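Data block below; observations after.
The values are calculated or read from the model by the stated rules, or taken from the named source; none is laboratory data. From a predicted model like this one, the values you see are computed outputs, not experimental measurements. Note that we place each Cβ from the backbone using ideal geometry, even for glycine, and neighbour counts take in every protein chain shown.
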Amino acid sequence: MKVNIHTHHPKKGESTITSIGIHPYDAQNATTDRILAIERQALTVDAIGEIGLDYCCSTDKEAQLLAFQAQLEVAQHTYRGVVIHCVKAFEPIMKILDKYTLKFVIFHGFIGSAIQARRATDKGYYLSFGERSFRSAKTIDAMKTTPVDKLFFETDDSHINIDDIYAKASTILGIPIALLEYITTENFNKICG
Ligand SMILES: [Zn+2]
């Protein structure tokens, strides 16, 4: 089994985490009823997600903030992890996460600098790299500085094969594919075991 930590197209032979949550794109529809429904189902999934802030989309920022915090509350008191969607909102997200105690935090589809990567992993957060991560030279630096025990890979909503992501990462990091698979499996077992 190979870990594909965040995928919209689950496949046989891949381990992934299950999640439920209101995406920041949809934050305006985060009614109390929907939050309560997520809370009722929280124990059937590994994580609340994708949740977070996306300052490149047109959704109202205040609505995003409210939806994000309401779902972090749910994650905290149901002892779930969170899958974070972060676009141009690293600082506010880091500040908000500080207020919560969460089982685990994964920044999915991480795009950012080596300094940001270090700040997140110093807090114990995991970084998951996907197809778009490889298109950013800055993010490739971030990947290289991420401690291996905080590393994940994903295909997200793309139809790319997870093997291709591992192959690219293997070349960049200078770590054999089999070892990368072993490392991410260990990380997966740590958060879901
Ligand atoms: Zn996302």
Residue in region 139-146 that is within 16 Å of the ligand (Cβ to nearest atom), touching a residue at least 24 places away in the same chain (Cβ under 8 Å) and over 22 Å from THR185 (Cα atoms) present: yes
Sole exception among (1) modelled with pLDDT under 95; (2) under 30 Å from THR101 (Cβ atoms); (3) exposed (fewer than 13 other Cβ atoms within 10 Å of the Cβ) for ASP156, by number: (3)
Single condition CYS56 does not satisfy, out of (1) farther than 17 Å from LEU97 by Cβ; (2) assigned to a strand (DSSP E or B): (2)
Where a residue in region 103-117 is within 16 Å of the ligand (Cβ to nearest atom) and its partner, wherever it lies, is of a type in the set (Lys, Arg), with Cβ under 7 Å and at least six apart: GLY109/ARG132; ILE111/ARG132
Condition broken by LEU179, with the remaining ones in (1) assigned to a strand (DSSP E or B); (2) aliphatic (A, V, I, L, M); (3) farther than 26 Å from CYS57 by Cα satisfied: (1)
Single residue of LYS190, LYS99, LYS95 found to be over 30 Å from ALA30 (Cα atoms), more than 15 Å from the ligand (Cβ to nearest atom) and either in a helix (DSSP H, G or I) or not acidic (Asp, Glu) (or both): LYS190
Index of the failed condition, HIS85 passing every other in (1) under 30 Å from ALA169 (Cα atoms); (2) touching a Lys or Arg at 6+ places or on another chain (Cβ under 8 Å): (2)
Criterion violated by ILE5 - all others in (1) over 17 Å from CYS192 (Cα atoms); (2) in a loop (DSSP other than H, G, I, E, B) satisfied: (1)
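Filter region 24-43 down to residues that are touching a residue at least 12 places away in the same chain (Cβ under 8 Å) and either among the hydrophobic types (A, V, I, L, M, F, W, C) or surrounded by fewer than 17 Cβ atoms within 10 Å (Cβ to Cβ) (or both), then give me how many there are. So that I can check it myself, show each step before the final result.
Taking region 24-43 and keeping what is touching a residue at least 12 places away in the same chain (Cβ under 8 Å), we get 24-28, 30, 34-35, 38-39, 41-43.
Narrowing the set further to residues that are either among the hydrophobic types (A, V, I, L, M, F, W, C) or surrounded by fewer than 17 Cβ atoms within 10 Å (Cβ to Cβ) (or both) leaves 25-28, 30, 34-35, 38, 41-43.
Going through region 24-43 one residue at a time, the tally reaches 11.
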Test: ILE162 is out of contact with any helix residue (DSSP H, G or I) (no Cβ under 8 Å at 6 or more places or on another chain) and under 23 Å from LYS12 (Cα atoms): yes
Residue match in region 94-104 (condition: modelled with pLDDT of 95 or more, buried (at least 21 other Cβ atoms within 10 Å of the Cβ) and in contact with a helix residue (DSSP H, G or I) (Cβ under 7 Å, 6 or more places away or on another chain)): no
Qualifying residues in region 80-92 (those that are away from the ligand (no atom under 11 Å from the Cβ) and under 26 Å from ARG132 (Cα atoms)) - the one surrounded by the most Cβ atoms within 10 Å (Cβ to Cβ): VAL82
Residue within region 58-79 that is in contact (Cβ under 8 Å) with a residue 40 or more places away in the chain, closer than 30 Å to ASP163 by Cα, crowded, with 19+ Cβ neighbours inside 10 Å and not aromatic (Phe, Trp, Tyr) present: no
